[in-house]
Each structure stands twice: as C-alpha cells, then as structure tokens.
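The values are calculated or read from the model by the stated rules, or taken from the named source; none is laboratory data. From a predicted model like this one, the values you see are computed outputs, not experimental measurements. Positions of Cβ are generated from backbone atoms using ideal geometry, with glycine treated the same way; all protein chains shown enter the neighbour counts. SASA here: full protein model, heavy atoms, side chains in, ligands and nucleic acids out. Shrake-Rupley method; radii C 1.70, N 1.55, O 1.52, S 1.80 Å.
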Amino acid sequence: MATQTLKRTPLYETHQAKGAKFVPFAGWEMPILYRSVLAEHTAVRKGAGLFDVSHMGEFFVNGPEATTFLNHLLTQEIVAPAVGAAIYAHMLNTNGGVIDDLIVYKIAEDKNLLVVNASRIEADWQWIKEQAKGFAVELQNQSDDYGIIAVQGPRAVQVAAQVNSRLSQINRFHLAQIRWQSHDIIAARTGYTGEDGFEFIAPNEALPELWNLLEKAAQHCSPFAPCGLGSRDTLRLESGYPLWGHELNENITPLETNCAWVVKFQKHDFIGKTALEELKAKGIKRKLFGFIGQKPGPIPREGAAILDAQGNNAGIVSSGGFSPSLGKPIAMGFLNQTHWGSKEVRLNIAGRELPAHVAALPFYKKGEKN
Amino acid sequence: MTDVKELRFTKTHEWMRVENGTAIVGITDYAQQEIRDIVYIELPKIGKECAQAAAVAVIESVKAAFEIYAPVSGKVVAVNQKAIEDVSLVHQSPYEEGWLFKIEMRNRQEADGLMNFAQYNQLTAQAHH
C-alpha cells in the first residue's frame, strides 16, 4: 500500500536546521517541538515564541457582494466599514454544526482573506464554492501559495515591529498591509496562544527570510524559542480556545461551547440560523466546561469519560493535557445537562482516575495572577 | 557516578542495577530523550508483586502515557518519591537520582536474559531515525 507523501511548508529546511522533531499533522510534516514543549510554552508566556503555521488554508473572497456573501456564510457580523479588522467566526452547516472556525481578515471593502484550519481546507473550499453560487463574488484558494509565521508572547509586538515599525500602532484583532522586501504581507494582531503578538500572512517566497529576520529580532528578548505544534496545543488549551475536531465539529453547535458569542442572531440570515434558533428554544443538552486536576496525574486525554462522585456518566473530555502555567492537569469537555451544577468530577482515562474540579474557561489569562 | 557497563537493559528501555539481591530500576537516557517533557510519574505500591515484563509504572509526557515494565520479577520494596515530586530528575539524571523503583528479586537468573550496554546501544542505534 503506497503511503501518501506528507506536504512540507517553505520553512521545512529552516526547521530541520534547528533540530526540529517532525510529526504528521493534517497531511503535513510539521515540527512538534524543537527542544521541549514545556520550554517553548514558557517562552511564549514569558517572552516570545515563533511558530510556522503555513499548513493552514488561505482563501480570498472578493467582489462587490463579498461582504454580503460572508454574512450569509458565517455566524459573525462582517461589517463593510470594518476594513482592517480581523473577525473570528464559525461557518455552519444547515443543522447549525460547525464546518470550521476561522478568521476573516477584512483587507478592503470588497476583499477578504479567510484563514482556515489545515485539516479542513478541502471541506471548507468545496462548501464555500457551493454556497457562493448566485453571489457576485470571486473566490481564490491560495493555500498553496501563502504561509503564516506567528510571533506570540508579551515581547512579541516589539519583535514584530522590527519588520515594520507601524505594527506597534495596530490594535488587537486588526491588521496592516505592509510591504517587506518587495513582498505584500498581511500583518495581523491575532493569535492562538492567549498572548499578544502578530501573524504574518505572506507569499511562500517571503517566508524563510521573514523567519530569519524575526528570529534575529527576538534574540535579545529572553526567553525566546522557535515553537512547534506541541506548545501551540498546550497554549491554546490553557487559553480555553477550541480546536476543530475536538471542541467543534459538524455535530457540535457554537451554542454548546464557550463560543456562543460568535453567533449574531440579530443578523437577517446566515446558514444554520434556523437550526440554532430551534436549539435555543428547546435548550442545549450539553455544554463545554473546564476541568482542573486535583492531583498531579494521570493526565486527561480526549475521549476520557467524565463521571460524577457516584460513578455515573456525566460527559466526555474533548481535549486534555498538562497546564505548565497552572502546574496541573487540565481538560475541556462537554457536561450533560443533568450535571451542569457539578463542582467536582472524576475523569476516567482508560481506567485510571483523576479527581478534578469544574472550572470556568479560560484556565489562564495573560497579565492576571494565575 | 554510575558505570553504565554494570547495568542491564530491557528492549523496552528500562535499566537495572543489582545490589544485594535488589534490582534498582529506571529508564534509560535514550528513553527520557524520546519521551521528552515528562509531566507525571505513577509508581507501583510498595509490596506489589510483579512478573518480569509486567507493566508496573507509568510515565506521562505532555503528549502521551508510557508504560514502564519490570525487568525482573519480584516484590516492589521501594519507590523514588523524589522523582514523583520532581519529575525533571528523570530527564536530568536517568541513571542516578532519577531511579524509579526497587524490586526484591525472586529469580536472579532472569537478569542474565537482559541486554548489556553494548547490546542496548546497538538496539537504539538501529531504532534511531
């Protein structure tokens, strides 16, 4: 049986030279870590970290009806005057289930860039093409031509500003279009770590040199580390951010998660609105909560059962791991309606039990005493 | 300082050293590097009887849980509480301060079936990509 070759980002050689350990992810060969997940996580929380997230997808949605189409396609309010804004949104099916979560970067009144999850590029593209029929829009799937480098952490903005000094003036969830070494790059003050920072969305040719510049710029900023997908996951888990395939999928609605705010019911219409209104009327039956371990282990993992004190089934873990900032095991999971009042649960990981208390998300908030 | 040439090794990357009929057990330097980012260690209860190659302990990294196997059969007579409290010991000193548990051996001949240092090195050299 022939194995499919994994794709590599334009930064593959850069990672190799740094001694990265690679793993397959969504059909890509990506760095999981360079030195240590814990060290890389700490660098992002205390200084700055650099991530290659070029495996993600980039779609341009342009044309006179682009904004109208996006308002129909997504749960969020995409407002034409909000040029320069970055908007986190969910794209639903007609049952209200999440096809993907993504960010819309509003570049111009009639020009939008959607950045989508790597594992969903094909599914998203097919869906968007189908839904765009009848709208005066022009769609471009440029996932193979663009890549993304993220610099994240309390010192990340200083680092990013060395690419272009304008960037320190850009607000959170906004973007700047910059020109760097004859490349047109979108620099957005967004991220997936719970820290401040920028994501540079650039054509493939720009990436290796841009990475080198950012790394050099970060040298004086300690701690600094190149970071792999391992720390990307521990950081987003601590921050209570959902990951498609875990907290979100085609059978989970935003109303059952901590992302209900992305649904703007006041909009005239969007795909999935009717289903969500019905669900709201009936009442949701499960809800996403956070869990913090009361012992150092075992470490909760996706699929672990959530039990109450009597051993009854109370729900299921969607993501689990170790929180370096809290120094404790943490998990996100769905609790059944019968158990929403629970304060203490038991997480059952293949027969090994971790007592945990129910906690509000996020587990970690930057700048606060955690 | 441990002379690794005195140790015996399993295919599952545990090492052991015998002192007066007691086997001191830990995981190898190769194993701690592969596991990377240990966050939790679960050791057997003192008094537990174990068979050779039985899973008796668990080491968890950020990403996965790894079973640790008894190199020889016998009774667990000690566990390293310091390693439980500071899991980084296993990374920093896998053959010394990072020892995991001690087994009072039931059958000394079981140790003869284990690999010596040269053989273990060959195993890891082949495995390494």
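Of the set (1) buried (at least 21 other Cβ atoms within 10 Å of the Cβ); (2) more than 14 Å from chain B (Cβ to nearest Cβ), all apply to A:Arg179 but (1). Looking across region B:55-91, just one residue is touching a strand residue (DSSP E or B) at 6+ places or on another chain (Cβ under 7 Å), closer than 19 Å to A:Pro329 by Cβ and among the hydroxyl-bearing types (Ser, Thr, Tyr), and that is B:Ser61.
With respect to the conditions (1) touching a residue at least 40 places away in the same chain (Cβ under 8 Å); (2) part of a strand (DSSP E or B); (3) open to solvent by 60 Å² or more (accessible area, probe 1.4 Å), A:Pro31 lacks only one, and its number is (3).
Within region A:127-171, the set of residues being open to solvent by 20 Å² or more (accessible area, probe 1.4 Å), more than 27 Å from A:Pro31 (Cα to Cα) and within 21 Å of the chain's Cα centre (by Cα) comprises A:Trp127, A:Ile170, A:Asn171. Note on region A:326-346: among residues that are touching a residue at least 24 places away in the same chain (Cβ under 8 Å) and within 13 Å of chain B (Cβ to nearest Cβ), the one that is most open to solvent (accessible area, probe 1.4 Å) is A:Lys328.
Selection of region A:176-205 for residues being in a strand (DSSP E or B) and over 17 Å from the mean Cα position of the chain (by Cα) yields A:Ala176, A:Gln177, A:Ile178, A:Arg179, A:Trp180, A:His183, A:Asp184, A:Ile185, A:Ile186, A:Ala202, A:Pro203. Inside region A:25-43, residues that are hydrophobic (A, V, I, L, M, F, W, C) and more than 14 Å from chain B (Cβ to nearest Cβ) make up a count of 2. Of the residues A:Ile178, A:Ile201, the single one that is under 22 Å from A:Thr67 (Cα atoms) and among the β-branched types (Val, Ile, Thr) is A:Ile201. All conditions in (1) open to solvent by 20 Å² or more (accessible area, probe 1.4 Å); (2) more than 23 Å from A:Lys133 (Cβ to Cβ) hold for A:Ala48, with the sole exception of (1). Consider region B:37-96 and keep the residues that are part of a strand (DSSP E or B) and among the hydroxyl-bearing types (Ser, Thr, Tyr). The one that is nearest to the other protein chains (Cβ to nearest Cβ) is B:Tyr40.
Residues that are over 18 Å from A:Tyr88 (Cα atoms) and either open to solvent by less than 50 Å² (accessible area, probe 1.4 Å) or in a helix (DSSP H, G or I) (or both) within region A:236-287 comprise A:Glu238, A:Thr274, A:Ala275, A:Leu276, A:Glu277, A:Glu278, A:Leu279, A:Lys280, A:Ala281, A:Lys282, A:Gly283, A:Ile284, listed in sequence order.
Looking only at residues of region A:188-200 that are crowded, with 24+ Cβ neighbours inside 10 Å and not acidic (Asp, Glu), we find that the one that is nearest to the other protein chains (Cβ to nearest Cβ) is A:Thr193. Among the residues of region A:291-308, those that are open to solvent by 10 Å² or more (accessible area, probe 1.4 Å) and more than 12 Å from chain B (Cβ to nearest Cβ) comprise A:Ile292, A:Gln294, A:Gly303, A:Ala305, A:Leu307, A:Asp308. In the condition set (1) away from every other protein chain (no Cβ under 14 Å); (2) over 13 Å from A:Thr338 (Cβ atoms); (3) open to solvent by 70 Å² or more (accessible area, probe 1.4 Å); (4) modelled with pLDDT of 95 or more, A:Asn312 is compliant with all but (2). Selection of region A:288-327 for residues being in a strand (DSSP E or B), over 18 Å from B:Asp37 (Cβ atoms) and not β-branched (Val, Ile, Thr) yields A:Leu288, A:Phe289, A:Gly290, A:Phe291, A:Ala305, A:Leu307, A:Asn313, A:Ala314, A:Gly315, A:Ser318.
Residues in region A:1-24 that are of a type outside the set (S, T, N, Q), more than 12 Å from chain B (Cβ to nearest Cβ) and touching a helix residue (DSSP H, G or I) at 6+ places or on another chain (Cβ under 8 Å): 3 in all.
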